[in-house]
1. Would you tally the net charge around E34, using a Cβ to Cβ cut-off of less than 15 Å, leaving E34 out, and scoring K and R as +1, D and E as -1?
2. Using the per-residue mean of other Cβ atoms lying within 10 Å as a proxy for protection, in what order, highest first, do the peptides 82-89, 6-13 fall?
3. Just one of (1) 28, 17, 12; (2) 84, 13, 10; (3) 57, 10, 7 is semi-axes √(5λ) of the Cα gyration tensor in Å as worked out from the coordinates here. Which one is it?
4. Return the calculated 222 nm mean residue ellipticity for the chain, to the nearest 500 deg cm²/dmol, obtained by summing -39500 (n - 2.57) across DSSP H runs with n ≥ 4 and dividing by the residue count.
5. Step through the residues of the stretch 91-105 one at a time and calculate ³J(HN,Hα) from phi using the Karplus curve (6.51 cos²θ - 1.76 cosθ + 1.60, θ = phi - 60°), rounding each to whole Hz and writing x for Gly and Pro.
6. Can you find, among W20, S70, P39, the residue sitting farthest towards the positive end of the charge dipole of the chain, where Lys and Arg contribute +1 and Asp and Glu -1 at Cβ?
7. Once you measure Cβ to Cβ distances between cysteines in the chain, which Cys have no partner under 4.7 Å?
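Read the figures in this text as sums done on the coordinates, not as results from a lab. Everything numeric here is computed off the predicted structure, so don't read it as measured data. When we count neighbours, we look across all protein chains shown, and the Cβ atoms used for this are built from the backbone with ideal geometry, even at glycine.
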Amino acid sequence: MTASADQICVDIRQYGIIPWNAVPGRACGSALAEMCDTPEFYLSYHLFIVACAGAGATVIALIHFLMILSSNWAYLKDASKMQAYQDIKAKEEQELQDIQSRSKEQLNSYT
């Protein structure tokens with residue numbers, strides 16, 4: 001069963017071309033064919049392709065942003081652990097120096 005060109009109709013109100021309260025809201029047959037042959041229709045096709053490419057570029061940019069964000073978070077987490085390690089190391093060295101100075105003082109007091 002094939003449909004002739006006069007039987008194919010499209011409700012244009014769905015696509016925002018005309019307002020919702022427009023009567024009639026559909027294009028059939030030769031009116032639909034004339035609308036599809038306009039340069040604006042072809043321009044809208046190319047703009048749709050550009051919009052899809054832009055959406056793809058946006059997704060790639062968001063993925064890149066998330067990778068950089070996770071990298072920075074890992075760097076900061078590692079840096080905070082390193083800072084804590086350096087603080088503990090400095091305290092231990094200070095304690096070791098205190099112990100050595102006290103032991104030298106005790107040795108000097110015996111002499």
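1. Net local charge, E34 excluded: -2.
2. 6-13, 82-89
3. This structure yields the entry labelled (2).
4. -26500 deg cm²/dmol
5. Values per residue, Gly and Pro as x: 5, 5, 5, 5, 5, 5, 5, 4, 5, 5, 5, 5, 5, 5, 5 Hz.
6. Farthest towards the positive pole: S70.
7. C36, C52
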